Amino acid sequence: MEVIIRSSREEAEKMTAAMLATAVETKPGCVLGLATGRTMEAVYAELARLHRDKGLDFSQVCTFNLDEYIGLAPDDPNSYRYYMQEKLFDHINIDPQRTYLPDGLNKDIKQEGPHYEAQIRYRGGIDLQLLGIGEDGHIGFNEPLSSFASRTRDVTLTPETIAQNSPMFQRPEDMPRRAFTMGVGTILEARRIVMLVTGAGKARVLAAAVEGPLAAIVPASALQFHQNAVVIVDAAAASELRMQEYYRWGFENDPRWEGYR
Ligand code: GLP
């Protein structure tokens, strides 16, 4: 795992978007794993801008989102499908047939996970997975104690997650208590992972995930197993990291990051 500390939230967001854009330019038919949440909004706005102003071409790209609320229809303004259309898909030239999210309306709850995994395999697996982190350490909706070997499945959200996300619902009490999520094991199969974490509110959980022990109680700590994971953070989110100076030094001195400095 590598940690990259940018001085501002905007720089962290821009760098994340630039890494996704480079992945698309390098492999026009790449498969991207996408995340939702407030953290990603500026990343998607920047990708939409790169499409509009620089002609970044998404026509061959395929996307798989991490998760979706159980019981919400695609046109429900609180669904993650709606979020993705509004924040990204409606602003770029992506083929709708190539954008996947779990089907929140699938009544066959136990069938949705294996079906989603089959779709990921059919498209060749995920080249680059974008991740955020929940205040309880979740990735996707893999809540504390999710097995590091877990696969795409239905899960029950923690009260902490409900407190974190329900303010985004017009009526907070409408937030579903359950969701479909890619598993931790599914996420770890992505060829490359980029996690974006911003804001002081995430500093403690970020330190636990990055520098703490591997533990299912902090699902994001599973990224320590991945051979090609980069965590991009702003100074506020980095504030509780013990090895900050080393991470900054690494970024300044590694030729791979030259184009991003
Ligand atoms: C949500 C999503 C996660 C996201 C996280 C952070 O619940 N399921 O994929 O990374 O919570 O959200 P935010 O960026 O709003 O803090």
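Restricting attention to the range 244-258, the residues that are assigned to a helix (DSSP H, G or I), over 23 Å from the mean Cα position of the chain (by Cα) and without any contact (Cβ under 8 Å) to a residue 40 or more places away in the chain total 7. Restricting attention to the range 23-37 and to residues that are touching a residue at least 24 places away in the same chain (Cβ under 8 Å) and assigned to a helix (DSSP H, G or I), the residue that is nearest to the ligand (Cβ to nearest atom) turns out to be ALA23. Screening the range 145-157 for residues that are free of Cβ contacts under 8 Å to residues at least 40 places away in the same chain and touching a helix residue (DSSP H, G or I) at 6+ places or on another chain (Cβ under 9 Å) and picking the one that is farthest from the ligand (Cβ to nearest atom) gives ALA149.
One residue stands out in the range 60-77 among those that are more than 21 Å from GLY132 (Cα to Cα) and within 16 Å of the ligand (Cβ to nearest atom): the one that is surrounded by the fewest Cβ atoms within 10 Å (Cβ to Cβ), namely GLY71. Going through ILE232, ILE217, ILE193 one at a time, which residue ends up being in contact (Cβ under 8 Å) with a residue 60 or more places away in the chain and in contact with a His (Cβ under 9 Å, 6 or more places away or on another chain)? Of ILE232, ILE217, ILE193, the one residue that is in contact (Cβ under 8 Å) with a residue 60 or more places away in the chain and in contact with a His (Cβ under 9 Å, 6 or more places away or on another chain) is ILE193. Of all residues in the range 54-67, those that are of a type outside the set (S, T, N, Q) have Cβ atoms under 6 Å from Cβ atoms of residues that are within 16 Å of the ligand (Cβ to nearest atom) and not in a loop (DSSP other than H, G, I, E, B), 6 or more apart or on another chain, in PHE64/GLY33; PHE64/TYR100; ASP67/ALA179; ASP67/THR181. Across the range 165-204, the qualifying residues are those that are assigned to a helix (DSSP H, G or I), within 16 Å of the chain's Cα centre (by Cα) and of a type outside the set (Gly, Ala, Ser), and the one among them that is surrounded by the fewest Cβ atoms within 10 Å (Cβ to Cβ) is LEU188. Residues in the range 176-186 that are more than 10 Å from the ligand (Cβ to nearest atom) and in contact with a Ser or Thr (Cβ under 9 Å, 6 or more places away or on another chain): ARG177, ARG178, PHE180, GLY183, VAL184, GLY185, THR186. Could you list all residues from the range 158-175 that are within 16 Å of ASP67 (Cβ to Cβ), more than 9 Å from the ligand (Cβ to nearest atom) and touching a residue at least 60 places away in the same chain (Cβ under 8 Å)? Residues satisfying the conditions are PHE169, MET175. Scanning the range 107-127 for any residue that is within 13 Å of the ligand (Cβ to nearest atom) and either surrounded by fewer than 21 Cβ atoms within 10 Å (Cβ to Cβ) or within 30 Å of VAL24 (Cα to Cα) (or both) turns up nothing.
If you scan the range 9-38, which residues turn out to be of a type in the set (S, T, N, Q) and touching a strand residue (DSSP E or B) at 6+ places or on another chain (Cβ under 6 Å)? Residue satisfying the conditions is THR16 alone.
For (1) of a type outside the set (Phe, Trp, Tyr); (2) within 16 Å of the ligand (Cβ to nearest atom); (3) in a helix (DSSP H, G or I); (4) more than 23 Å from VAL210 (Cβ to Cβ), each residue gets a yes or a no:
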residue: ILE4; (1), (2), (3), (4): yes, no, no, no
residue: GLU10; (1), (2), (3), (4): yes, yes, yes, no
residue: ALA17; (1), (2), (3), (4): yes, yes, yes, no
residue: MET40; (1), (2), (3), (4): yes, yes, yes, no
residue: ARG52; (1), (2), (3), (4): yes, no, yes, yes
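Which condition number does ARG81 fail, the rest of (1) under 20 Å from VAL155 (Cβ atoms); (2) in contact (Cβ under 8 Å) with a residue 24 or more places away in the chain; (3) buried (at least 17 other Cβ atoms within 10 Å of the Cβ) being met? The failed condition is (2). If you check ARG191, ARG248, ARG178 for being modelled with pLDDT of 95 or more, farther than 21 Å from THR36 by Cα, touching a strand residue (DSSP E or B) at 6+ places or on another chain (Cβ under 9 Å) and basic (Lys, Arg), only one passes: ARG248.
The values are calculated or read from the model by the stated rules, or taken from the named source; none is laboratory data. What you are looking at is a predicted structure, and each value in this text was computed from that prediction instead of being measured. Quick reminder, even Gly has a Cβ in these numbers, built from the backbone with ideal geometry, and neighbours come from all protein chains shown.
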